[in-house]
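Written out below as structure tokens is the structure these notes cover.
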Ligand code: GRF
């Protein structure tokens with residue numbers, strides 16, 4: 001039973017426990033509040049009392065569960081959960097399709113893993129990569145886009161930085177989320193604002209160390225080795241207007257051994273990226289669960 005809930009909601013045992021605690025305490029809290037409110041009305045216990053009580057706890061339940069979920073760090077899960085329940089009750093179809101634009105400047109090995117991950121999902125999956133955005137003519141990712149027959153939006157740095165020139169193209173393609181997979185340009189404010197909380201980046205180090213302007217590719221790995229760090233890794237984080245600053249959603253690390261080179265470290269980092277990025281994108285988009 002618990003295992004199947006973990007699979008269904010795509011959460012680990014710790015998170016499942018927190019979610020169940022939210023359900024239990026939120027449920028009890030709304031029962032207590034419902035009785036207290038009816039007590040204020042000084043109604044006699046009877047059919048009317050029961051009916052009012054039922055209406056009250058139906059209304060209070062989502063509020064109480066959401067309130068409890070905030071200190072327990074589960075607000076995203078319950079926001080989506082309640083949204084889905086109400087949509088089903090009211091017969092409203094939620095916009096299920098999530099269309100991703102993958103932005104990349106280089107070889108595109110991460111882009112390919114992400115495309116494959118969502119192509120391989122069974123037909124029920126509502127997440128698809130539908131656009132590749134690239135700023136480098138001749139970049140490997142362009143061949144990958146061709147291989148998977150994906151349209152490409154070629155952008156030029158100067159125009160990209162200048163306002164919201166490319167925004168209509170993304171919106172007209174119905175893009176709901178942006179994934180930065182080795183994309184070297186800073187995302188301009190217009191795009192960050194239009195896709196608030198919907199842009200994810202992967203950084204090849206353990207942020208907050210080794211982030212910021214100029215910290216990309218081999219520069220990051222050289223800095224880690226020069227500092228004598230024993231660990232490096234990957235950080236998957238949301239994107240805001242400051243370089244490598246948004247909320248971290250996932251990190252994993254690897255050892256930095258004696259005689260490590262930027263190249264050998266980059267290979268280790270790539271293994272971590274390929275292992276985790278697509279899965280973490282899926283969890284992030286789904287708010288970690290499926291009803
Ligand atoms: C990755 O290491 C990514 O973290 C970094 O650039 C590299 C891109 O590799 N920002 P690829 O183009 O996906 O092969």
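The values are calculated or read from the model by the stated rules, or taken from the named source; none is laboratory data. Quick caveat: nothing in here was measured; it's all calculated off a predicted structure. Please note: Cβ atoms are built from the backbone with ideal geometry, for glycine as well, and neighbour counts cover all protein chains shown.
Residues that are under 19 Å from residue 118 (Cα atoms) and buried (at least 19 other Cβ atoms within 10 Å of the Cβ) are absent from the range 251-268.
Does at least one position in the range 166-181 carry a residue that is within 16 Å of the ligand (Cβ to nearest atom), in contact (Cβ under 8 Å) with a residue 60 or more places away in the chain, surrounded by 13 or more Cβ atoms within 10 Å (Cβ to Cβ) and in a loop (DSSP other than H, G, I, E, B)? Yes, the conditions are met somewhere in the range 166-181.
Check whether at least one residue in the range 42-56 is closer than 30 Å to residue 286 by Cβ and touching a helix residue (DSSP H, G or I) at 6+ places or on another chain (Cβ under 6 Å), and report yes or no. Checked the range 42-56: no residue is closer than 30 Å to residue 286 by Cβ and touching a helix residue (DSSP H, G or I) at 6+ places or on another chain (Cβ under 6 Å).
Per-residue answers, yes or no, for (1) modelled with pLDDT under 95; (2) away from the ligand (no atom under 16 Å from the Cβ); (3) within 30 Å of residue 58 (Cα to Cα):
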{"residue": "89", "(1), (2), (3)": "yes, yes, yes"}
{"residue": "92", "(1), (2), (3)": "yes, yes, yes"}
{"residue": "98", "(1), (2), (3)": "yes, yes, no"}
{"residue": "103", "(1), (2), (3)": "no, no, no"}
{"residue": "122", "(1), (2), (3)": "yes, yes, no"}
{"residue": "132", "(1), (2), (3)": "no, no, no"}
{"residue": "141", "(1), (2), (3)": "no, no, no"}
{"residue": "148", "(1), (2), (3)": "no, no, no"}
